[in-house]
């Protein structure tokens, strides 16, 4: 039976369980399995690393990911005071809410509001799950392609 190796392209279903008790699953949402390369970082499965190495199709791995490897630790340098004008005038700004803020060039960014003053808003741009550990359960659904063999002699 073939098992996955670093560099293999695979499909996997996952469940993320967060420290606050919430969870997210690719199966519950009805998503197709996630495609990823074994041994490389993937933004949807932080901290998985090489956890899929050696798994056969249908096998599952459970990994506990510490906060610093999941979404990072809160960083005080990512807290800013910004002009109230960067938010829509009709936006209900309140501490604890996630809202969209206007950036230069017409782009927007989701931020967490910490404080609201008449002309200034204090925002936190850390990931909303920073500081939380994560438990991943990942099932290897299929091995799509094998890793290229590098440095084989006789080729």
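Considering only region 125-148, I want to know if a residue exists there that is touching a strand residue (DSSP E or B) at 6+ places or on another chain (Cβ under 8 Å), in a loop (DSSP other than H, G, I, E, B) and more than 25 Å from residue 12 (Cα to Cα). Yes: one or more hits.
Would region 71-87 turn up any residue that is more than 30 Å from residue 120 (Cα to Cα) and in contact (Cβ under 8 Å) with a residue 60 or more places away in the chain? Within region 71-87, none of the residues are more than 30 Å from residue 120 (Cα to Cα) and in contact (Cβ under 8 Å) with a residue 60 or more places away in the chain.
In contact with a helix residue (DSSP H, G or I) (Cβ under 8 Å, 6 or more places away or on another chain) and more than 11 Å from residue 136 (Cβ to Cβ): does that describe residue 73? Here the answer is yes, as residue 73 does meet what is asked. Name every residue in region 104-135 that is touching a helix residue (DSSP H, G or I) at 6+ places or on another chain (Cβ under 9 Å) and more than 15 Å from residue 78 (Cα to Cα), in order of residue number. Within region 104-135, 116, 117, 118, 119, 120, 132, 133, 134 meet the criteria.
Bear in mind that the values in this text are calculations on the coordinates, not laboratory data. None of these values were measured; they are calculated from a predicted model. Note: ideal-geometry Cβ built from the backbone for every residue, glycine included; neighbour counts use all protein chains shown.
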